[in-house]
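Trainee: What follows is a single structure, and I will ask about it in a moment.
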Amino acid sequence: MMDMDTFQQKWAEQDRKLDVSIRLNRQLLMASNMTYVQSPLRRFAFFQMLEALAGVAVAMMTGQFIYAHWHEPRFVLPAVALHIWVIANVAASVRQAVMAVQIDYAKPIAVIQKQLESLRVLRISVIRWDLLTGQIVWWVPFMIVAFKSFWGVDAYRVFGETFLTVNMLFGLALIPLAIWLSRKFGERMGRSVIVKGLVTAIAGYNLNAAIRSLGTVSEFASEN
Amino acid sequence: MTIPALQDEFQKLIEEHKKILYKVCNSYCRNRDARDDLAQEIIVQLWRSFERFDKRYRFSTWMYRIALNVAISFYRSESTRTRLVISDEEQLVQAVDAPESEPEEIAMLYRFIDGLDPLNKALALLYLDGNTYTEIASVLGISETNAATKINRLKNKMRHEMG
């Protein structure tokens, strides 16, 4: 019967043979280390910062709108909803960028894998809640604020309060409905990678998988 | 140190430790194309971190950390990977002998490693490579006691599966 220690000896014998049998392609090695390839994590952090900057610009506009219509709650309320959503996204983007730049592959495996999985959990959660809540704030509240600030038009008068209220309620009802539909029919919703990605994000499947992976890393690092 | 001098030193060290690259790639990918991609990603990451390498530490420990971290993240990563285009005939690290000529015991070992989760793969590889518990603990970021416990579990698993 062979146990791991016997295998270790066989492995060492094979290792000695590898010294002479492995050929490192020096040309490719030089090409690999001379080519400037931006780290995917750095690129991710860069785009998160760009997103945060765009968010800050939008938050400044909504802030200005709130200030200008402070005594008109019917305009302030949708603007506040939009403002909070944008600020929450700026905070999430900055947090993700900071987490990404802090990842140093030369650190111990348990530390880095935990950081990577935590970043993945955060990213998937943000995408999920952006999809679920974005369809509310970027529809009726955005329409009310945009009509008023760009054209000075009162959306309540143009569309009627009933129409706007029904749309808002429909958006809210869509959150549990979208989660239920994604879980129920997610597997059958076409073969498109994008559709599948959206459906699994809404259903929370990839979030659950990321949380499980994070749990595996934490369990590995624990003493038990 | 100038960039060309740094590159020379880097290439020399990689040449000396090419076995680590070969074994990590072989343990995490048995498919040739994926293995090439992984080898490149490891080299790129090693080069990117090389300036910060503290020479008071062993190069092999540092290389293991980066190579294993990249290998574990390789398939988990959802982001699009940046690929350098390499022709079918060229490989970064290649065994002169065909993989089929691997002794049966080594092939069995790779099959056993294949069945492990990514973190235990790293543990098995470090143990088989003859690293001490202190070195294994340092690469993995766990305590020595924890490393010893996990190695014992691996040994039992191997006995159970291959005995």
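Trainee: Counting other Cβ atoms within 10 Å, which trypsin sites (Lys or Arg not before Pro) in segment A:124-224 have at most 10 and lie in a DSSP loop?
Mentor: A:Arg191
Trainee: Out of residues 5 or more away from A:Ile22 or on other chains, whose amide H comes under 5 Å of its own, with H placed 1.01 Å from N in the peptide plane?
Mentor: Amide H to amide H, under 5 Å and 5 or more residues apart or across chains, A:Ile22 pairs with B:Val96.
Trainee: At 222 nm, what value in deg cm²/dmol follows for the protein assembly as shown if DSSP H runs of at least 4 each add -39500 (n - 2.57) and the sum is divided by all its residues, to the nearest 500?
Mentor: Working: 18 runs with 295 residues, N = 387.
One gets -25500 deg cm²/dmol as the mean residue ellipticity at 222 nm.
Trainee: OK, next. Please give, to one decimal in nm, the separation of the simple spin-label points placed at B:Glu15 and B:Arg58, each 7 Å out from Cα toward the Cβ.
Mentor: Reported label-point gap for B:Glu15 and B:Arg58 is 2.3 nm.
Trainee: Could I ask something else about it? Could you pull the Cα extents of segment B:95-163 along its three principal axes, largest to smallest, in whole Å?
Mentor: 38, 29, 18
Trainee: Now for a separate question. With the cut-off at 23 Å, tell me which of the pairs B:Lys121/B:Lys155; A:Lys17/B:Lys155; A:Lys107/B:Lys155 have Cα atoms farther apart than that. Please report the intermediate quantities before stating the final value.
Mentor: Working: B:Lys121/B:Lys155 13 Å; A:Lys17/B:Lys155 25 Å; A:Lys107/B:Lys155 27 Å.
Beyond 23 Å between Cα atoms: A:Lys17/B:Lys155; A:Lys107/B:Lys155.
Trainee: Moving on to the next point. Rounded to whole Å and sorted largest first, list the principal axis extents of the Cα atoms in the protein assembly as shown.
Mentor: In descending order, the Cα extents are 83, 53, 41 Å.
Trainee: Modelling each spin label as a point 7 Å along the Cα-to-Cβ direction, I'd like the A:Asp104/A:Trp151 distance in nm, to one decimal.
Mentor: Result for the modelled spin labels: 5.5 nm.
Trainee: Treat each spin label as a single point 7 Å out from the Cα along the C-beta direction, and report the A:Arg95 to A:Leu50 distance in nm.
Mentor: About 2.3 nm, to one decimal.
Trainee: Considering every Cα-Cα pair within chain A, what fraction, in whole percent, is farther apart than 21 Å? List each step's numbers first, then the result.
Mentor: Numbers: 17884 of 24976 pairs.
Every Cα pair in chain A considered, those over 21 Å come to 72 percent.
Trainee: To continue, here is another question. With 27 Å as the limit, write out which pairs from B:Lys23/B:Lys55; A:Lys196/B:Lys157; A:Lys196/B:Lys23; A:Lys10/B:Lys18; A:Lys114/A:Lys184 have Cα-Cα distances beyond it, or answer none.
Mentor: From the list (B:Lys23/B:Lys55; A:Lys196/B:Lys157; A:Lys196/B:Lys23; A:Lys10/B:Lys18; A:Lys114/A:Lys184), the Cα-Cα distance tops 27 Å for A:Lys196/B:Lys157; A:Lys196/B:Lys23; A:Lys114/A:Lys184.
Trainee: Right, another one. Going by amide H atoms built from the backbone, whose H comes under 5 Å of the H on B:Ile142, apart from near neighbours?
Mentor: The answer is none.
All of the numbers you see were taken from the coordinates with simple rules; none came from a lab. Keep in mind the model is a prediction, meaning the values are calculated, not measured. Here the Cβ is made from the backbone with ideal geometry for all residues, glycine too, and neighbour counts use every protein chain on show.
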